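Values in this text are rule-based calculations from the coordinates and carry no lab data. What you see is a predicted model, and the numbers here were worked out from it, not measured in a lab. Methodologically, a virtual Cβ is constructed for each residue, glycine included, from the backbone with ideal geometry; neighbour enumeration extends over all protein chains shown.
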Amino acid sequence: MGTKVKVSKNGKCSVSMYCRKCGTRYELTGFSSEQNERLYRRDETKEHIQDIIPEVPAEWRELFVTMTCPSCWKKMFG
């Protein structure tokens, strides 16, 4: 399990990842190559996820940060 990135013919990226709690695979699409690069380097740059992908709802951005899907997050924290 891990994170995989695909680039479409129009240059948009899709990111595929698994929830660490339930193991469900999620694919989020429509990211630019710049956003993808910024996501990849986030640990190094300390850039906030909401600044990189502001168009993605907070509960789905959490998947990038903690690898926890919205459903599992809600079960854990209410």
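Both numbers refer to the Cα atoms of the range 4-77; Rg and Dmax are 12.4, 39 Å.
Number of Lys-Lys pairs in the chain with C-alpha atoms under 23 Å apart and a separation of 8 or more places or on different chains: 5. Only the Cβ atoms of Lys and Arg (+1) and of Asp and Glu (-1) were treated as charged; on that basis the dipole of the chain about its Cα centre amounts to roughly 360 debye. For the chain, the list of trypsin sites (Lys or Arg not before Pro) that fall in a loop by DSSP and count at most 11 other C-beta atoms within 10 angstrom reads 9, 46.
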